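*Asks:* Supplied in structure tokens, the structure appears directly below.
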Amino acid sequence: MDFALTPEHELIREMAYKFGQQEVVPGIQERDREAKSDRQMLDKMGQAGLLGVSIPAKYGGSGTDYIALGIVCEELERADTSARVVMSVHSGLHSLTLLQWGTEEQKNRWLPGLASGDKVGAFGLTEPNAGSDAISLSTTARKDGDSYVINGEKTWISLADYADQFLVITKLAGGGDKPTFCAFIVDRNTPGFHSKPLKGKLGVRAGNTGQIFFDEMRVEKDRLLGAEGDGFKVAMSALDHGRYTVASGAVGIITACLDACNKYARERKVQGEEIGRKQLVQQMIANMVAGRDIGRLLYYQVGWMKNVGMRHTREVSMAKWQNCSNAFKSANDAVEIHGAYGFCDEFPVERYFRNSRGAMIYEGTHEIHTIVQAEYELGYRQDKPLSKTLPAWEG
Ligand code: CAA
């Protein structure tokens, strides 16, 4: 076993850290307070090469391994969750799924634009009446000659107002009792498409989230990803990639909590003594350190499994479940350590607290991952080999 990160990983960590601190942190308090997302940040991420991380060089990406993607997510979320969400949606849910399921023609057509950031990708699975129970979605695709006509709506879509293209999961209209799921890559500028922002979120206020609607939206058959009937598997494998980015990003929240608490605990004095000397504060700091270090091991393992082309549905569920839970606990403790200052946005920890709560809901709730882990252990759930796997890293 080799746990060492390569010099390239270290360089990528440094680059993503600097990007986060220089391009995301300035103004984040105001953007979060005013619930204003920054569209220009997407362009800057593209220019910095972040949107092509872990996409093979032959499709215009950086050609770095999949662990690099996790490291970027960790360092971006250390700055703000809204920046990591871009990676989750654009790189994880959209681009890697296209890399896994696309034909050579589809990959050559879309991946270079996505890798350079000329095009932004997003993902549409969740509907007003189909969240955890994703299989109950009701958006339909009606076959009509050489095209499909899509009707329905999706909600809680990150980058709904900014993405140029969406990976959308539908049912085939007029199917029998057993639904036939289909996945499509659809363009925003297709007639019949529109989006609407969602307001009033508890966290990730500097990120764009919305609804997308399809009204008799006609798409050509070459936009079908996988075959008819593969749609649910496409969605679940997209979540294998999305959950990886969420799990690695959650470690960034813990690191950000430690950044803030280490400073505060050594500055704030009670009865002439730094609060960092108090054992109950040390207990909270130690728990954060454990969450960070265990969290890294969990996501590095998944990154390695991606690198060698292994299925990792169970492992990524574990990493997402544990890391998001530990990030929320760390943020709660970070508020505690800051006392009343943790209760206002003068210090960043209240933002970490609100932001970390969301990740226990999206990309599989805390409860879904708990059940999934129990089902694997009890033998009720087993992973079969996949018909299409994410290509192993070519080195
Ligand atoms: N890759 C490929 N195929 C997969 C797969 C994977 N990771 N996981 C499952 N499949 C396949 C299975 O092999 C199975 O195929 P067969 O029928 O041929 O055997 C099929 O898909 C159905 O799989 P399951 O039996 O596991 O399906 P299930 O109904 O038991 O799944 C569930 C239940 C795990 C709870 C699933 O519905 C789930 O994960 N729900 C949570 C949904 C979710 O995370 N939503 C988040 C939306 S996205 C988001 O939040 C992003 C954002 O923008 C904020």
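*Asks:* So what's the angle, to the nearest 10 degrees on a 0 to 90 scale, between helix 231-267 and the longest Cα principal axis of the chain?
*Replies:* Taking the Cα atoms of the chain, the angle to 231-267 is about 10 degrees.
*Asks:* I want to make sure I understand the PRE zone here: with the label point 7 angstrom from the Cα of Gln279 toward its beta carbon, which residues in the range 322-340 have backbone N atoms less than 20 Å away?
*Replies:* Correct set: 337.
*Asks:* How large, in percent, is the carbon and sulfur part of the accessible surface of the chain at a probe radius of 1.4 Å? Can you show the working numbers first?
*Replies:* Numbers: 9090 of 17500 Å².
Using a 1.4 Å probe with all protein chains present, the chain comes out at 52 percent carbon and sulfur.
*Asks:* Sticking with this structure for a sec: Rounded to the nearest 0.05, what FRET efficiency do Ala286 and Ala392 have when you use their Cβ-Cβ distance and R0 = 30 Å?
*Replies:* On the way: r = 37 Å, r/R0 = 1.25.
E between Ala286 and Ala392, to the nearest 0.05, is 0.20.
*Asks:* Taking 0.36 nm per residue of separation and subtracting the Cα-Cα distance, what length does fully extending Asp215 through Asp164 add?
*Replies:* Working: separation 51, 0.36 × 51 = 18.36 nm, distance 1.75 nm.
Length difference between fully extended and current span is 16.6 nm.
*Asks:* Any idea how far apart Gln22 and Met310 come out in nm if each label point goes 7 Å out from Cα toward Cβ?
*Replies:* Taking the two extended label points, one gets 3.8 nm.
*Asks:* What angle, in degrees between 0 and 90 and rounded to the nearest 10, separates the Cα long axis of helix 66-79 from the longest principal axis of the Cα atoms of the chain?
*Replies:* That helix lies at roughly 50 degrees to the long axis.
*Asks:* Given Cα positions, please report Rg to Rh for the range 195-309, the hydrodynamic radius being the Kirkwood one.
*Replies:* On the way: Rg = 22.0 Å, Rh = 18.7 Å.
Using Cα coordinates only, the ratio equals 1.18.
*Asks:* Averaged across orientations, what area in nm² does the convex hull of the alpha carbons in the chain project? Could you put the intermediate results ahead of the total?
*Replies:* Working: hull surface 78.9 nm².
Projected area, direction-averaged: 19.7 nm².
*Asks:* Where only protein heavy atoms count, and the probe is 1.4 Å, what is the accessible area per residue for the range 232-378 in Å²? Let's see the in-between values first.
*Replies:* Numbers: 6540 Å² over 147 residues.
Here the residues of the range 232-378 average 44 Å² of exposed surface.
*Asks:* Ok, one more. On full extension of the chain, what length is gained from Asp293 through His194, given 0.36 nm per residue of separation minus the C-alpha to C-alpha distance?
*Replies:* Working: separation 99, 0.36 × 99 = 35.64 nm, distance 4.26 nm.
Between Asp293 and His194, full extension yields 31.4 nm more.
*Asks:* Taking a probe of 1.4 Å, how large is the accessible area per residue of the range 123-229, in Å²?
*Replies:* Working: 4720 Å² over 107 residues.
On a per-residue basis, the range 123-229 sits at 44 Å².
*Asks:* Could you work out how far helix 104-116 tilts from the main Cα principal axis of the chain, as a 0 to 90 degree angle to the nearest 10?
*Replies:* Long axis of 104-116 versus the principal axis of the chain: about 30 degrees.
*Asks:* Strictly over 20 Å apart at the Cα level, which of Lys18/Lys44; Lys143/Lys178; Lys58/Lys107; Lys233/Lys306; Lys201/Lys233; Lys154/Lys201 would you flag in this model?
*Replies:* Beyond 20 Å between Cα atoms: Lys201/Lys233.
*Asks:* Another question about this same structure. Evaluate the distance, in nm, between pseudo-label points positioned 7 Å from the Cα of Asp177 and of Ala57 along their respective Cα→Cβ axes.
*Replies:* 5.4 nm
*Asks:* So if I take the centroid of the Cα atoms in the range 219-251 and the same for the range 1-80, what is the distance between those two points in Å?
*Replies:* 21 Å
*Asks:* Could you work out the local net charge near Arg33, counting Lys and Arg as +1, Asp and Glu as -1, over the other residues with Cβ closer than 12 Å to its Cβ?
*Replies:* On the way: positive: Arg31, Lys36, Arg205, Arg351, Arg354; negative: Glu30, Asp32, Glu34, Asp345, Glu346, Glu350.
Around Arg33, the charge tally is -1.
*Asks:* So what is the relative contact order of the chain, in percent, for Cα pairs below 8 Å that sit 6 or more residues apart? All intermediate terms of the calculation are to be shown ahead of the outcome.
*Replies:* Working: 768 pairs, mean separation 68.5, N = 395.
About 17 percent, as a whole number.
*Asks:* Provide the per residue accessible area, probe 1.4 Å, for the range 7-120, rounded to a whole number of square angstrom. Walk me through the numbers on the way to the answer.
*Replies:* Working: 4020 Å² over 114 residues.
The answer is 35 Å² per residue.
*Asks:* Can you list the HN-Hα couplings for the range 177-185, worked out from phi with the Karplus curve (6.51, -1.76, 1.60; θ = phi - 60°), rounded to whole Hz and with x for Gly and Pro?
*Replies:* Per-residue couplings from phi come out as 5, 8, x, 9, 8, 10, 10, 10, 9 Hz.
*Asks:* Could I have the simple spin-label model distance between Lys36 and Met1, label points 7 Å from Cα toward Cβ, reported in nm to one decimal?
*Replies:* 4.8 nm
*Asks:* To continue, here is another question. In whole Hz, what ³J(HN,Hα) sequence does the range 299-308 give by Karplus (6.51, -1.76, 1.60; θ = phi - 60°), x for Gly and Pro?
*Replies:* 7, 4, 4, 5, x, 5, 4, 4, 4, 9
The values are calculated or read from the model by the stated rules, or taken from the named source; none is laboratory data. What you see is a predicted model, and the numbers here were worked out from it, not measured in a lab. Here the Cβ is made from the backbone with ideal geometry for all residues, glycine too, and neighbour counts use every protein chain on show. For accessibility, only protein heavy atoms count, side chains too; no ligands or nucleic acids. Shrake-Rupley method; radii C 1.70, N 1.55, O 1.52, S 1.80 Å.
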